[in-house]
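First up is the structure itself, then whatever we jot down about it.
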Amino acid sequence: MTDSLDLLPYGMGTPDLVEFQPGYFVDRAIVGDLQALSDEAKANGFELRLESAYRSFEKQLSIWNRKARGELALLSATGEPMERPQDEEELMFAILTWSALPGASRHHLGTDIDVVDGAACPEGYEVQLTPAECEGMFAKFHAFLTERIDAGSSFGFSRVFVPGRGKIRPEGWHLAHLSTSRKRLEHFSLDVLRSIYERSDMECKQAVLDNLPHLAEEYIYPYFI
Ligand SMILES: [Zn+2]
């Protein structure tokens with residue numbers, strides 16, 4: 001853990017990032033392909049707009065901890081606000097329904113993005129990133145993406161959180177530049193992640209440590225594709 005490069009898969013260290021859209025950073029290695037996908041979308045009447053891109057460990061930890069402390073809303077599997085469970089393990093699973101484990105979010109890689117069609121977004125509308133939006137106002141954009149992904153002409157981008165894979169809910173809006181993300185994940189180690197947790201001020205830490213191998217099988221490794 002002395003080489004900072006080893007910590008990149010966990011959202012730590014110093015990745016080589018480029019600000020692709022205001023406030024949204026991606027790994028320099030994917031910029032060319034992302035620009036190409038964006039240009040292709042534009043030629044088809046869409047505006048590929050980022051809603052999320054690179055996220056650091058600290059940022060993901062902050063989301064996790066605020067959900068655990070009741071400072072951010074906890075949503076049930078169907079998307080409704082829910083009571084905060086008192087049991088630490090139940091609370092952990094409730095957070096995992098919609099939020100990745102800090103250190104194991106694909107947004108740490110700089111190769112993954114959440115996208116919407118800015119051209120179809122009503123003025124002043126606050127994007128939620130929900131399946132309802134994918135099937136509603138962004139349906140044509142997603143049909144375009146699906147067609148390109150299926151045809152192998154999506155400049156290396158694919159969906160990762162798809163039905164039937166792992167325990168994370170499907171996220172049609174989440175795209176990954178797979179060949180680059182595979183390189184970033186080559187040296188991912190659960191032991192390193194464990195040691196990061198042991199030294200962090202993470203809520204539900206004991207429940208996460210007690211369940212880590214099992215959590216990895218359901219929430220982490222299925223998405224190393
Ligand atoms: Zn995402």
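The values are calculated or read from the model by the stated rules, or taken from the named source; none is laboratory data. Quick caveat, the model's predicted, so the values are computed rather than measured. Counting neighbours? That spans all protein chains shown, and the Cβs are built from the backbone with ideal geometry, glycine included.
Looking for whichever is within 16 Å of the ligand (Cβ to nearest atom) and modelled with pLDDT under 95 here; the options are LEU129, LEU101, LEU48, LEU109. Which one fits?
After applying the criteria, what remains is LEU129.
Of all residues in region 146-165, which are away from the ligand (no atom under 16 Å from the Cβ), surrounded by 13 or more Cβ atoms within 10 Å (Cβ to Cβ) and assigned to a helix (DSSP H, G or I)?
Result: THR146, ARG148.
Could you figure out which of (1) acidic (Asp, Glu); (2) surrounded by fewer than 19 Cβ atoms within 10 Å (Cβ to Cβ); (3) in contact (Cβ under 8 Å) with a residue 60 or more places away in the chain isn't true of GLU90?
(3)
Assuming ILE168 fulfils every condition listed in (1) farther than 18 Å from ALA29 by Cα; (2) within 13 Å of the ligand (Cβ to nearest atom); (3) in contact with a strand residue (DSSP E or B) (Cβ under 9 Å, 6 or more places away or on another chain) apart from one, which condition is it?
It is condition (3) that ILE168 fails.
Starting from region 1-30, take each residue that is more than 22 Å from SER189 (Cβ to Cβ) and part of a strand (DSSP E or B) and list its partners that are of a type in the set (Phe, Trp, Tyr) and modelled with pLDDT of 95 or more, counting only C-beta distances under 8 angstrom and pairs at least six apart or across chains.
Short answer, once both residue conditions are applied: LEU17/PHE25; LEU17/TYR54; VAL18/PHE25; GLU19/PHE25; TYR24/TYR54; PHE25/TYR54; VAL26/PHE20; VAL26/TYR54.
Here are some conditions: (1) in a loop (DSSP other than H, G, I, E, B); (2) of a type in the set (Asp, Glu); (3) within 13 Å of the ligand (Cβ to nearest atom). ASP114 meets all but one. Which one does it not meet?
(1)
Give the residues of region 117-132 that are in a helix (DSSP H, G or I) and within 13 Å of HIS174 (Cβ to Cβ), sorted by residue number.
PRO131
Just to check your reading of the model, which residue among LEU96, LEU129 is within 16 Å of the chain's Cα centre (by Cα), surrounded by 14 or more Cβ atoms within 10 Å (Cβ to Cβ) and more than 24 Å from SER38 (Cβ to Cβ)?
Matching residue, one of LEU96, LEU129: LEU96.
May I ask you to list the residues in region 184-211 that are under 28 Å from LEU17 (Cα atoms) and either touching a residue at least 60 places away in the same chain (Cβ under 8 Å) or touching a strand residue (DSSP E or B) at 6+ places or on another chain (Cβ under 6 Å) (or both)?
Of everything in region 184-211, those that are under 28 Å from LEU17 (Cα atoms) and either touching a residue at least 60 places away in the same chain (Cβ under 8 Å) or touching a strand residue (DSSP E or B) at 6+ places or on another chain (Cβ under 6 Å) (or both) turn out to be ARG184, LEU185, HIS187, PHE188, VAL192, LEU193, SER195, ILE196, TYR197, SER200, ASP201, MET202.
Quickly run through region 173-187 and pick out the residues that are part of a loop (DSSP other than H, G, I, E, B) and modelled with pLDDT of 95 or more.
Looking only at region 173-187, we keep the residues that are part of a loop (DSSP other than H, G, I, E, B), and these are 173, 186-187.
The answer is TRP173, and nothing else.
I want to confirm something. Restricting to region 62-92 and keeping residues that are assigned to a loop (DSSP other than H, G, I, E, B) and among the hydroxyl-bearing types (Ser, Thr, Tyr), which single residue is nearest to ALA104 (Cα to Cα)? Talk me through it step by step, then tell me what you get.
Start the filter on region 62-92 by keeping residues that are assigned to a loop (DSSP other than H, G, I, E, B), which leaves 69-74, 76-80, 82-87.
Add one more test, that the residue is among the hydroxyl-bearing types (Ser, Thr, Tyr), and what stays is 76, 78.
Working: SER76: 21, THR78: 23 Å.
This residue is SER76.
Pairs needed: first member in region 109-127, closer than 24 Å to LEU178 by Cβ; second member anywhere, hydroxyl-bearing (Ser, Thr, Tyr) and in a strand (DSSP E or B); C-beta distance under 6 Å; at least 6 residues apart or different chains.
Final answer for the pair search is ASP114/SER52.
Test ILE225 against the criterion of being among the aliphatic types (A, V, I, L, M), in a helix (DSSP H, G or I) and either at pLDDT 95 or above or under 27 Å from VAL127 (Cβ atoms) (or both), and give yes or no.
Working: among the aliphatic types (A, V, I, L, M): yes; in a helix (DSSP H, G or I): no; either at pLDDT 95 or above or under 27 Å from VAL127 (Cβ atoms) (or both): yes.
Against the criterion (among the aliphatic types (A, V, I, L, M), in a helix (DSSP H, G or I) and either at pLDDT 95 or above or under 27 Å from VAL127 (Cβ atoms) (or both)), ILE225 does not qualify.
Out of curiosity, is ARG49 of a type in the set (Lys, Arg), over 13 Å from the mean Cα position of the chain (by Cα) and more than 25 Å from ASP16 (Cα to Cα)?
Considered against the rule, which asks whether it is of a type in the set (Lys, Arg), over 13 Å from the mean Cα position of the chain (by Cα) and more than 25 Å from ASP16 (Cα to Cα), ARG49 comes out as no.
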